[in-house]
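Everything below concerns the one structure shown next.
The values are calculated or read from the model by the stated rules, or taken from the named source; none is laboratory data. All figures in this text were calculated on a predicted structure; none of them were measured in a lab. Here the Cβ positions follow ideal geometry from the backbone for every residue, glycine too, while neighbour counts run over all protein chains shown. Side chains are part of the model used for accessible areas, which takes the heavy atoms of the whole protein and leaves out ligands, DNA and RNA. Shrake-Rupley method; radii C 1.70, N 1.55, O 1.52, S 1.80 Å.
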Amino acid sequence: MTYMDMLGRRSIILKRNIGHLIVKDNKQGLSAQESSFYQSMLKEWHQNENEMNAARKQP
């Protein structure tokens, strides 16, 4: 598994988990702990996307 494959897989997993939390938030709301976890996953996903973009730009 290459570095790009790992980043791609990680992105898919984060997006799926974020989607589940968005649905839960829309239905019943999130607890403080879940909200904090959601925010940290979003930050991690953005960092992951930036790493993927940087890796694509390198020759």
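Overview of results
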read-out	value
Lone unmet requirement of (1) surrounded by 12 or more Cβ atoms within 10 Å (Cβ to Cβ); (2) part of a loop (DSSP other than H, G, I, E, B) for Lys15	(2)
Arg56 being in a helix (DSSP H, G or I), charged (D, E, K, R) and modelled with pLDDT under 95	yes
Boolean, Leu42 is outside any helix (DSSP H, G or I), hydrophobic (A, V, I, L, M, F, W, C) and open to solvent by less than 70 Å² (accessible area, probe 1.4 Å)	no
In segment 18-36, residue nearest to Glu51 (Cα to Cα) [restricted to those that are of a type in the set (D, E, K, R) and open to solvent by less than 90 Å² (accessible area, probe 1.4 Å)]	Glu34
Segment 24-39 residues that are within 19 Å of Leu14 (Cβ to Cβ), paired with ones that are open to solvent by less than 70 Å² (accessible area, probe 1.4 Å) and modelled with pLDDT of 95 or more (beta carbon under 6 Å, 6 or more apart)	Tyr38/Leu21
